[in-house]
Amino acid sequence: MSTKKNIVLKKEGDKSILVDLFYNSSNNKMPVIIFCHGYKGYKDWGAWNLVAKEFANNNFFFLKFNFSHNGGTTENPIDFPDLNAFGNNNFTHELNDIERVLSFLSDNTEFSKNIDLKNVFLIGHSRGGGICAIKASENKQIKGLITWAGVSNFKIRFNEGSKEFKEWKDKGVKYVENKRTKQQMPHFFQFYLDFKKNEERFNIKTTVKNLKIPFLVIHGDNDKSVLQTEGRDLHSWNKSSKFFSVKNGNHTFSSKHPWQEKELPKELKVVTKITMSFINKCV
């Protein structure tokens with residue numbers, strides 16, 4: 001298996017994107033998996049490296065990356081050394097980042113013998129699930145969509161009209177503590193303004209209803225961060241979609257950071273198996 005870590009995608013006037021590739025270095029063209037992390041996430045969190053290896057060992061070309069404004073840097077892609085970038089993140093940035101990753105794959109001749117660009121699948125975890133749903137509806141290169149503990153609604157998370165929302169608007173910034181690192185992570189009000197400007201585009205319900213590609217929703221029945229009802233909503237909005245409930249699955253399917261075991265947790269192992277089976281039926 002070949003692994004290439006921390007490939008830097010540069011773009012003038014924009015922040016860099018770090019990419020990891022995991023694949024079987026044969027001459028066979030493989031389905032492409034693009035994995036998108038969620039809120040306060042990053043490509044090296046928890047057991048994501050083991051997930052990548054699992055897919056690669058089963059003849060998938062697996063790409064994971066850090067969103068450009070996730071708070072990491074090219075020098076330190078783990079945790080959040082660039083809190084200013086984190087505060088300036090928004091949905092538009094993340095959608096543009098996926099487009100940059102797709103262009104990287106299309107333009108890179110080094111991997112052309114390994115990748116099947118007619119079979120590109122997006123996997124999005126948590127907030128990344130909502131972002132992937134939107135991108136899958138916009139880019140015809142995407143063959144299928146899989147959400148892992150994906151959100152179904154961006155709007156409700158802003159708590160418009162609340163006291164906290166008014167304070168955020170008045171101050172221009174709010175802070176959320178990262179429970180693990182204890183950092184006070186800024187959220188500048190531009191995040192909401194970007195959503196409001198593009199509210200129709202960022203409507204996940206409308207997006208999912210109009211999806212014409214294979215769509216798999218996976219959600220744990222013990223998810224306290226994004227309730228399984230959101231996954232069931234996603235499924236109900238698209239009659240052609242498939243739904244899989246993970247027994248005892250929490251928001252990260254029993255993975256945590258750091259993940260020091262050599263094997264995937266039981267629930268995440270199930271998730272990867274179900275996902276691979278779904279994709280194999282689509283190609």
- Message: For A47, what residues show an amide H to amide H distance below 5 Å, using hydrogens built from the backbone and excluding near sequence neighbours?
- Response: K256
- Simple spin-label estimate for N27/K182, 7 Å along Cα→Cβ, in nm, reads 5.7
- Message: At 0.36 nm per residue, and after removing the present C-alpha to C-alpha distance, how many nm does the segment from K171 to C282 gain when stretched out fully?
- Response: 35.1 nm
- Item | At 0.692 mPa s and 37 °C, Stokes diffusion of the range 6-59 via Kirkwood alpha-carbon radius, µm² per second | 254
- Please build a GNM for the chain, connecting alpha carbons under 10 Å apart, and tell me which residue among Q190, Q141, Q260 fluctuates the most. Q260
- Query: Which of the listed residues, S152, N89, I115, is farthest toward the dipole's positive end in the range 51-156, when Lys, Arg count +1 and Asp, Glu count -1 at the beta-carbon?
  - Reply: S152
- Task: Using only C-alpha positions, report the orientation-averaged shadow area of the convex hull of the chain, nm², one decimal.
- Result: 14.3
- Message: 7 Å from Cα along Cα→Cβ at both S103 and D221: what's the point-to-point distance in nm?
- Response: 4.5
- Query: What GluC sites (Glu not before Pro) does the range 156-228 have in DSSP loop regions with at most 14 other beta carbons within 10 Å?
  - Reply: E160, E199, E200
- Message: Using a Gaussian network model on the chain with a 10 Å cutoff between Cα atoms, which of K182, K53, K155 fluctuates the most?
- Response: K182
- Task: Mind running the shape call on the range 205-283? Use the C-alpha gyration tensor, a ≥ b ≥ c as the square roots of the eigenvalues: rounded below 1.5 for a/c, prolate if a/b tops b/c, oblate otherwise.
- Result: oblate
- With each pseudo-label sitting 7 Å past Cα toward Cβ, what's the E138-T74 distance in nm, one decimal? 2.5
- Query: To the nearest 500 deg cm²/dmol, what mean residue ellipticity at 222 nm is calculated for the chain from DSSP H runs of n ≥ 4 alone, each contributing -39,500 (n - 2.57), summed and divided by the residues?
  - Reply: -10000 deg cm²/dmol
- If one computes the Cα centroid of the range 202-259 and of the range 29-92, what distance in Å separates the two points? 19
- Farthest toward the dipole's positive end in the chain, which of N6, T275, G130, given Cβ charges of +1 (Lys, Arg) and -1 (Asp, Glu) about the Cα centre? T275
- Note on the structure: Expected vector for the range 229-237, Karplus 3J(HN,Hα) from phi with 6.51, -1.76, 1.60 and θ = phi - 60°, integer Hz, x for Gly and Pro, equals 4, 5, x, 5, 4, 3, 5, 5, 7
- So what is the relative contact order for the chain, in percent, with contacts set as C-alpha pairs under 8 Å and at least six apart? 17
- Amide H to amide H, which residues 5 or more places from G150 or on other chains are under 5 Å from it, using H placed in the peptide plane? S126, I218
- Message: Please list, by residue number, everything in the range 170-210 whose backbone N is under 20 Å from a paramagnetic label point 7 Å out along Cα→Cβ of I156.
- Response: 192, 195-196, 199-210
- Item | Residues E12 and S236, FRET efficiency given R0 of 35 Å [Cβ-Cβ distance, rounded to 0.05] | 0.20
- Query: So which of K11/K273; K140/K256; K15/K118; K247/K281; K10/K163; K43/K166 end up more than 30 Å apart by C-alpha?
  - Reply: K11/K273; K140/K256; K10/K163; K43/K166
- Message: If I take R0 = 45 Å and measure r between the Cβ atoms of K212 and N57 in this structure, what FRET efficiency does the formula 1/(1 + (r/R0)^6) give, to the nearest 0.05?
- Response: 0.90
- Item | Qualifying trypsin sites (Lys or Arg not before Pro) in the range 199-231, DSSP loop, other Cβ atoms within 10 Å at most 13 | K212, K224
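Read-outs throughout are calculated quantities, based only on the coordinates presented, and are distinct from any laboratory measurement. Just so it is clear, the structure is predicted and the values come from calculations on it, not from any experiment. No Cβ is skipped: glycine too gets one built from the backbone with ideal geometry, and neighbour counts run over all protein chains shown.
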